[in-house]
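The values are calculated or read from the model by the stated rules, or taken from the named source; none is laboratory data. Model, not experiment: these values are computed from the prediction. Positions of Cβ are generated from backbone atoms using ideal geometry, with glycine treated the same way; all protein chains shown enter the neighbour counts. Each accessible area value is taken on the protein alone, full model and side chains, heavy atoms only, with ligands, DNA and RNA left out. Shrake-Rupley method; radii C 1.70, N 1.55, O 1.52, S 1.80 Å.
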Amino acid sequence: MDRLHHLYVSIAKQVFRHRDYGMVRVPDPITVADAASYGLSPVLLYGVTVAGLPYRIRYYSDLAAPRDLGEVLSLAWADASWLKGLPDRILVSKHLAGAAPGLADALDAVGVDLEVAGPKEKSLPASMRSAQTGYLMFLKGGPEDPLKALEAAARQVDEPKEYRTLPGGQEMQKRAGEWDALENRGTATFVGPIGFEQGPWLRSWEASVPPPQDRYFYIPPSGDFFHESVSLLIGDKSDFDEDDEDDGDEQWSRDDDYPPSLSDPYELAKSVLACWPLPEKEVAEAIGVTVTELKWYVSGRAMLPHDRWRRLCQRFTLEPSDGNDYDIAGPLVLVARKRRHIEDCWDAMTSGGDSHPVELVPASTEADPSWRYFLVNRDNDRRLKVVIAARGSDSAELMESTIAMNYRGRVAIPDLVYKATVEAVGIACRSTDHNSAAIRNLMYEHGPFWDQIEDWSWAHAGLPSGCERIPSPYGRLP
């Protein structure tokens with residue numbers, strides 16, 4: 001079996017050193033220059049990874065006091081038994097190879113070949129990206145010996161556990177088993193120092209960092225740094241220090257005062273944005289951010305300032321569920337476009353399919369020639385959630401046949417209510433700020449009718465008065 005290790009060096013992306021706080025977690029990307037304005041200094045990450053396996057070990061140092069590469073390798077082979085000692089080859093980036101001209105000869109002296117990654121190499125960059133994450137939840141400790149605390153947090157993740165599960169299925173399990181069966185070759189001692197020249201290559205990840213944003217230090221409530229480390233989060237600390245007045249229109253819940261990095265629905269927000277009636281630009285303007293900032297957020301690459309984050313959750317009616325997920329509480333209107341996104345939204349609107357959806361059609365007049373109107377019909381929930389799909393589209397057929405679980409078919413409702421629904425949806429689709437409000441007004445204007453809809457579980461009750469059941473081609477009606 002080929003014994004190949006990856007060796008990489010980089011400035012740590014998610015942790016910086018502070019004179020008073022020790023190691024500070026920075027979950028949202030920040031440049032080294034911007035970090036300095038908060039009194040944060042960078043630390044160097046050194047990693048050795050088994051190629052093709054999630055086996056690695058990490059070490060750290062201050063940027064001003066870099067570690068010798070020979071020392072890093074000797075320690076790695078001695079400390080991490082899962083590396084199986086000296087490899088046959090070590091793969092490094094062209095930047096590290098150029099910055100450490102003595103590395104090739106030093107490795108050759110202990111019987112290890114040095115290889116330089118080509119432009120199409122993907123596994124080495126993947127090893128380094130993986131090493132930049134995955135340990136923040138274990139980071140503890142204050143200003144005393146912060147590098148030791150950082151290495152302890154990384155070691156807690158890196159050291160293989162008996163109960164570990166590996167990505168990649170059976171092929172990965174097979175490779176891991178073959179690697180585990182190898183003999184440990186032990187470590188090696190290098191004759192001379194192996195230094196490297198620092199340069200911009202150490203922070204190449206800064207190219208993907210979003211524009212500067214306001215940040216604040218989140219200090220654990222207990223003030224005990226030996227139980228949790230300090231974090232630098234995006235936003236304004238006053239967002240959590242002052243109670244916000246309820247304007248009676250916007251909805252929120254028990255997570256108001258939680259730092260957004262600790263619980264965040266950005267993945268669901270991405271699906272809602274894809275199903276939103278208006279373009280991304282309209283949503284960005286409504287919550288007070290740029291389109292770029294909105295895209296960074298929904299891709300999980302950067303947080304929004306907390307007040308903007310709250311506005312987005314309010315516009316999309318996102319509320320924490322009983323678990324660690326978020327629900328789309330409504331009222332609102334969404335548009336069925338891409339299947340994956342509308343499925344994610346439907347799941348969040350129905351708590352995993354707990355609903356009796358129907359398609360609304362008029363009792364005697366002509367239906368809207370352009371759109372079909374699907375009502376997410378949940379017991380004991382008057383907050384109307386409507387999904388529209390273009391008539392004749394694949395999305396409309398999927399809504400009826402697949403996406404809308406427990407679909408009850410088409411229901412002819414009073415013409416007046418149907419007309420009011422079409423008008424309310426039209427208003428909702430013209431303004432991000434009016435989406436929820438328009439459907440809320442529809443609820444109030446025709447309250448008696450929607451009161452009957454509230455408990456519309458046809459397995460136990462009949463149709464509301466004024467409605468007629470129309471057979472479904474999919475045979476979903478009881």
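Looking only at helices (runs of 4 or more DSSP H) that fall completely inside the range 377-478, which ones have 1 or more residues that are modelled with pLDDT of 80 or more and open to solvent by 10 Å² or more (accessible area, probe 1.4 Å)?
394-398, 415-428, 435-445
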Q: Looking for whichever is part of a loop (DSSP other than H, G, I, E, B) and over 17 Å from S130 (Cβ atoms) here; the options are D2, D34, D105. Which one fits?
A: D2
Q.
Between A76, A153, which is at pLDDT below 90, open to solvent by less than 50 Å² (accessible area, probe 1.4 Å) and part of a helix (DSSP H, G or I)?
A. A153
Q: Could you tell me whether the range 39-59 includes any residue that is more than 30 Å from D88 (Cα to Cα), part of a loop (DSSP other than H, G, I, E, B) and under 26 Å from the mean Cα position of the chain (by Cα)?
A: yes
(Q) V9 - would you say it is more than 15 Å from L150 (Cα to Cα), in contact (Cβ under 8 Å) with a residue 24 or more places away in the chain and open to solvent by 10 Å² or more (accessible area, probe 1.4 Å)? (A) no
(Q) Suppose we keep only residues that are closer than 13 Å to Y55 by Cα and open to solvent by 90 Å² or more (accessible area, probe 1.4 Å) within the range 164-177. Which one would you say is modelled with the lowest pLDDT? (A) T165
Q | Residue in the range 41-62 that is farther than 15 Å from L147 by Cβ, among the charged types (D, E, K, R) and crowded, with 22+ Cβ neighbours inside 10 Å present | A | yes
**Q.** Of all residues making up the range 283-334, the number that are closer than 25 Å to Y444 by Cβ, open to solvent by 10 Å² or more (accessible area, probe 1.4 Å), of a type outside the set (K, R) and in contact (Cβ under 8 Å) with a residue 60 or more places away in the chain
**A.** 3
Q. Given the conditions (1) crowded, with 18+ Cβ neighbours inside 10 Å; (2) in contact with an Asp or Glu (Cβ under 6 Å, 6 or more places away or on another chain), and given that M128 satisfies all but one, which numbered condition is not satisfied?
A. (2)
Q: Only residues in the range 73-91 that are under 18 Å from A109 (Cβ atoms) count as the first member; pair them with residues that are hydroxyl-bearing (S, T, Y) and open to solvent by 10 Å² or more (accessible area, probe 1.4 Å), Cβ under 6 angstrom, at least 6 apart or cross-chain, and list the lot.
A: S74/T187; W77/T187; A78/T187
Q: Being in contact with a strand residue (DSSP E or B) (Cβ under 6 Å, 6 or more places away or on another chain) and over 15 Å from V209 (Cβ atoms) is the filter; apply it to the range 16-39 and report the residue that is most open to solvent (accessible area, probe 1.4 Å).
A: R17
